[in-house]
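Inspection log for the structure reproduced underneath, given as structure tokens.
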Amino acid sequence: MSIDRNIESRFGAFGDHDWAWRKMRHVDDDFAAPNGRVAVAEDEAGAFAGYVTMRLDREAGVGTIPNLAVRADLRGKGLGRRLIEHALGVFREEGLKIARIETLEQNEIGRHLYPQLGFVEVARQLHFAMRLDGAQAL
């Protein structure tokens, strides 16, 4: 799930890269940030299974989970939950006081899972986009 994916669905492809490339740039930014961390999960064969990114704002006492992904064939088996629990453990070890996670309304899995883990909804946000070349939305 990604806002860029929604934009691409509405307006078509744009730029030299697709939404997945832009999403990976966000993950790269999380990894490269001085306050960022990434945890990667592997399956039994040692292949990539999923990841969670974390941002730790020690001064504010807030830990944020910007990105969570689980390989499609492993969804529904508890890996996403374990990755989030890992991030929450990191936040606790660092003495943070609040954990944040955001999701899109269309993310049924996240909207179901996050409250089970103790998260409560605190706000909703709207995102708007427009093409700057005059082309119409799809």
Low-density loop cleavage sites - trypsin sites (Lys or Arg not before Pro) in the stretch 66-138, where at most 12 other Cβ are within 10 Å (DSSP): LYS77, LYS97, ARG124
Fraction of the pair-distance distribution of the chain above 19 Å, Cα-Cα pairs, percent: 58
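Of VAL38, VAL52, VAL90, VAL120, how do they rank once you tally other Cβ atoms within 10 Å and put the fewest first?
Placing the least packed residue first, the sequence is VAL120, VAL38, VAL90, VAL52.
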Cleavage-rule hits, trypsin sites (Lys or Arg not before Pro), the stretch 1-61, DSSP coil, Cβ neighbours within 10 Å at most 15: ARG58
Range in the chain, longest, excluding exposed chymotrypsin sites (Phe, Trp or Tyr not before Pro) [loop by DSSP; at most 16 other beta-carbon atoms within 10 Å]: 15-127
Whole-Å distance, taken between Cα centres, linking the stretch 11-38 and the stretch 89-110: 19
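Only the coordinates and a few stated rules stand behind these numbers; no lab work does. Since the model is a prediction, treat every value here as computed from it, not as a measurement. With ideal geometry, Cβ positions are generated from the backbone for all residues, glycine too; neighbour counts draw on all protein chains shown.
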